[in-house]
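Participant: One structure coming up, written as structure tokens, with questions to follow.
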Amino acid sequence: MLTGQHQVNCILIENLAKTFATAGPNTHNVLKDINLRINGGEFFVLLGPSGCGKSTLLNVIAGFFDKTAGSLLLNNQPICEPGRERAVVFQHPDASLFPWLNVRENIEFGLRMKKVNPGKRQEISNKFIKLVGLAGHENKFPRELSGGMKQRVQLARVLANDPAILLMDEPFGALDAMTRRSMQQELVRIWIQAKKTIVFVTHDIQEAILLGQRIGIMSKSPDATIYKIHEVKLPYPRDITAREFNDLYKKIAANFFEEISVCENQEKLVV
């Protein structure tokens, strides 16, 4: 029985499948028999090889894609369409930021659409500008920002709209190594302070261990499923040089690459 914060924003997925139509009579079965419970306030990571269906599952949870079969519930209510309680943070912030608006205006955009009064908008944007480390950059335009700073703006704008759940689709994948590590550390700090539920997609094992409380490993598509869940009991912030970190890395890597190898052998047999 879950209590307190963990009763809120629980995502329950049972026997979920997603199929896309292809040319002719055939279909492409991307996801099959996905079973997962994500508790309120949890940092859950979906880990899997590129093209396995991680982003598809994230889009189904977001309400952008309809499921083909199974059950998908948020607090015991079916997810059938996008909702304000869920927000998506994409890999490329340039696709979501308005180039003609400065940092503050981008962050306040959703609030302005909701007709929040200017004083309250500024109060909220000030809070999240500070939270994501953009103080002093409020009047800069996206073209004047680095990739990491743009991603901070995207994250601040999402948080300003106060969603309960953040769905993050490889948000640091396009960043250089140093910026990516900095953003990983910042995200953990923000998650702890903001107390949001996060579902984070990555194909990077180290990133998954640095961030997640639990890691769900997905098999390759077609018919991808979550075949293994690892609980990460390491304290934050996590040290990639620690023995416990590397022991878990080896364990997850063994599962990860073993599954890929099995799938590739099955494909060869079919051929």
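Here, each number is a calculation from the coordinates, and none is a lab measurement. Nothing here was measured: the structure is a model prediction, and the numbers come from that model. Every residue, glycine as well, gets a Cβ built from its backbone with ideal geometry; the counts of neighbours run over all protein chains shown.
Participant: List the residues whose amide H sits under 5 Å from the amide H of Cys10, counting only those 5 or more places along or on another chain, with H placed 1.01 Å from N in the peptide plane.
Facilitator: Gly40, Asn75
Participant: If you take every DSSP beta bridge fully contained in the chain, what fraction is antiparallel? Give it as a percent rounded to 5. Show your work: numbers first, answer last.
Facilitator: On the way: 20 of 39 bridges.
Antiparallel bridges make up about 50 percent of those DSSP assigns within the chain.
Participant: Same structure, new question: Could you run the Karplus curve 6.51 cos²θ - 1.76 cosθ + 1.60 with θ = phi - 60° over region 189-202 and give me ³J(HN,Hα) per residue in whole Hz, x for Gly and Pro?
Facilitator: Whole-Hz 3J(HN,Hα) from phi for region 189-202: 4, 5, 4, 5, 6, 7, 6, 9, 7, 10, 10, 10, 9, 7.
Participant: In Å and on Cα atoms, what radius of gyration and Dmax does region 171-259 show?
Facilitator: 13.4, 38
Participant: Any idea what diffusion coefficient region 116-157 gets from Stokes-Einstein, in µm²/s, Kirkwood Rh on alpha carbon pairs, 37 °C, 0.692 mPa s?
Facilitator: 309 µm²/s
Participant: In nm, to one decimal, how far is the modelled label at Trp100 from the one at Tyr249, with both set 7 Å along Cα→Cβ?
Facilitator: With each label placed 7 Å out from Cα toward Cβ, I get 4.7 nm.
Participant: Could you state, as a whole-number percent, how many of the C-alpha pairs of region 19-170 are farther apart than 20 Å?
Facilitator: That fraction is 56 percent.
Participant: Mean-square fluctuation check for the chain, GNM, Cα pairs under 10 Å: which of Phe20, Phe98, Phe44 is largest?
Facilitator: With Cα springs under 10 Å in the chain, the top fluctuation among Phe20, Phe98, Phe44 is at Phe20.
Participant: Which residue, Gly212, Gly147, Gly70, has the most motion in a Gaussian network model of the chain that connects Cα atoms within less than 10 Å?
Facilitator: The residue with the greatest mean-square fluctuation here is Gly70.
Participant: Could you state the number of Å between the C-alpha centres of region 123-146 and region 57-85?
Facilitator: After rounding, the separation between the Cα centres reads 32 Å.
Participant: Just check region 1-98 against the gyration tensor rule for me: Cα atoms, a ≥ b ≥ c as the square roots of the eigenvalues, rounded for a/c under 1.5, and otherwise prolate or oblate depending on whether a/b exceeds b/c.
Facilitator: Here region 1-98 falls in the oblate category.
Participant: Which lysines have a Cα lying under 19 Å from the Cα of Lys195, excluding residues fewer than 8 positions away in the same chain?
Facilitator: Answer for Lys195, where 19 Å is the Cα cut-off: Lys127, Lys130, Lys233, listed by chain and number.
Participant: Using the beta-carbon distance between Lys120 and Ala21 and R0 = 45 Å, what value does 1/(1 + (r/R0)^6) give for FRET efficiency, to the nearest 0.05?
Facilitator: Details: r = 46 Å, r/R0 = 1.02.
Efficiency, from the Cβ-Cβ distance: 0.50.
Participant: Right, next: With springs connecting C-alpha atoms under 10 Å apart, model the chain as a Gaussian network and identify which of Thr22, Thr179, Thr202 has the largest mean-square fluctuation.
Facilitator: Comparing Thr22, Thr179, Thr202 in the GNM, the peak value goes to Thr22.
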